[in-house]
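Following: one structure in structure tokens, then a few remarks.
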Amino acid sequence: MPRPYVLLNVAATVDGKIDTHERRGAAISTVRDRQRVDELRASVDAVMVGSRTLHDEDPRLTVKSETLRAERVARGQPENPAKVGVASLLKLGSDSRFLTSGPARIILFVPHGCGDVDLGRRGVEIYEVGEARVDLTAALSRLAEIGIKRLMVEGGGTLNFELLRLGLVDEVELFVAPLIFGGAAAPTLADGDGALSLKLVRSSVETWDDGGVVLRYMVEQS
Ligand SMILES: NC(=O)c1ccc[n+]([C@@H]2O[C@H](COP(=O)([O-])OP(=O)(O)OC[C@H]3O[C@@H](n4cnc5c(N)ncnc54)[C@H](OP(=O)(O)O)[C@@H]3O)[C@@H](O)[C@H]2O)c1
């Protein structure tokens, strides 16, 4: 089934944590890293997040730089990439940043029977795929059908794990910050039930003056 090219972006500490055990969206990115993320967002057709990241952090997912937005428009693209949420249960407030920051196309994937008529009336595109949980293979195939060629995934760890497990990730871009959060309960890049055994091929490494390292890997598809 055709699907978009999928790039997974993560900011992690040296001990591999993507947040503290409190799970309140701890700051990991540096100023320069936030610019890198903005450039990545500006290069894709859509940005996807999982339910807990969507509801707990209510991310804007828009391109911050006016210049990058203008360049997208000059290329014939919308000002911002589409925002994509994956959730079993939608609990978005009508004034949430995810819904109101834009302009941007908003796409939500939910299991069958879990749509939201009010959001649909507001112009949010809601697709019901899967039974108890969202069928991510079907969701990506739907994204390809509606014109999304390049997708950036911005976590969290559970969504990352499922996409990696299903062989739906092409590339991983990782900012490693000079921090250690520690704690077995702090989330990591790929949190999920079971285990993964994936091989990566490094494509580039950048070391930055702010102490961060950017690692880029291609995922070896089995
Ligand atoms: N540093 C970073 O780069 C970064 C980026 C993003 C997030 N984070 C951190 O990651 C943490 C949140 O991650 P998380 O793992 O708790 O949650 P998550 O990956 O954001 O969301 C996972 C949830 O999505 C829903 N879902 C529905 N269908 C699914 C499917 N097929 N596969 C996977 N998920 C599906 C499920 O919740 P429902 O059953 O409720 O639908 C699932 O629990 C936070 O601490 C946040 O700060 C870090």
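Bear in mind that the values in this text are calculations on the coordinates, not laboratory data. As the structure is a computational prediction, the values presented were derived from the model and not from experiment. Counting neighbours? That spans all protein chains shown, and the Cβs are built from the backbone with ideal geometry, glycine included.
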Failed item, numbered, when residue 130 is tested on (1) away from the ligand (no atom under 11 Å from the Cβ); (2) surrounded by 15 or more Cβ atoms within 10 Å (Cβ to Cβ); (3) free of Cβ contacts under 8 Å to residues at least 24 places away in the same chain: (1)
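Residue-by-condition table, conditions (1) in contact with a His (Cβ under 8 Å, 6 or more places away or on another chain); (2) within 15 Å of the ligand (Cβ to nearest atom); (3) not in a strand (DSSP E or B):
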| residue | (1), (2), (3) |
| --- | --- |
| 93 | no, no, yes |
| 109 | no, yes, no |
| 115 | no, yes, yes |
| 123 | no, no, yes |
| 147 | no, no, yes |
| 183 | yes, yes, yes |
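When the residues of segment 180-222 are filtered to those that are aromatic (Phe, Trp, Tyr) and more than 19 Å from the chain's Cα centre (by Cα), which remaining residue is surrounded by the most Cβ atoms within 10 Å (Cβ to Cβ)? Show your work before the answer.
Looking only at segment 180-222, we keep the residues that are aromatic (Phe, Trp, Tyr), and these are 181, 208, 217.
From what is left, the residues that are more than 19 Å from the chain's Cα centre (by Cα) are 181, 208.
On the way: 181: 20, 208: 16.
Among those residues, the one meeting the criterion is 181.
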Pair list, Cβ < 8 Å and 6+ apart or interchain, from segment 84-99 residues that are farther than 19 Å from residue 153 by Cα to residues that are assigned to a loop (DSSP other than H, G, I, E, B) and away from the ligand (no atom under 15 Å from the Cβ): 94/122
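Taking residue 32, is it touching a residue at least 12 places away in the same chain (Cβ under 8 Å), crowded, with 19+ Cβ neighbours inside 10 Å and either basic (Lys, Arg) or touching a Lys or Arg at 6+ places or on another chain (Cβ under 6 Å) (or both)? Give the steps one after another, and end with the answer.
On the way: touching a residue at least 12 places away in the same chain (Cβ under 8 Å): yes; crowded, with 19+ Cβ neighbours inside 10 Å: no; either basic (Lys, Arg) or touching a Lys or Arg at 6+ places or on another chain (Cβ under 6 Å) (or both): yes.
Judged against the criteria, residue 32 is not a match.
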Selection count, segment 37-74, where residues are away from the ligand (no atom under 12 Å from the Cβ) and either of a type in the set (Asp, Glu) or in contact (Cβ under 8 Å) with a residue 40 or more places away in the chain (or both): 11
Qualifying residue in segment 150-158 (condition: in contact with a strand residue (DSSP E or B) (Cβ under 6 Å, 6 or more places away or on another chain), within 16 Å of the ligand (Cβ to nearest atom), assigned to a loop (DSSP other than H, G, I, E, B) and among the charged types (D, E, K, R)): yes
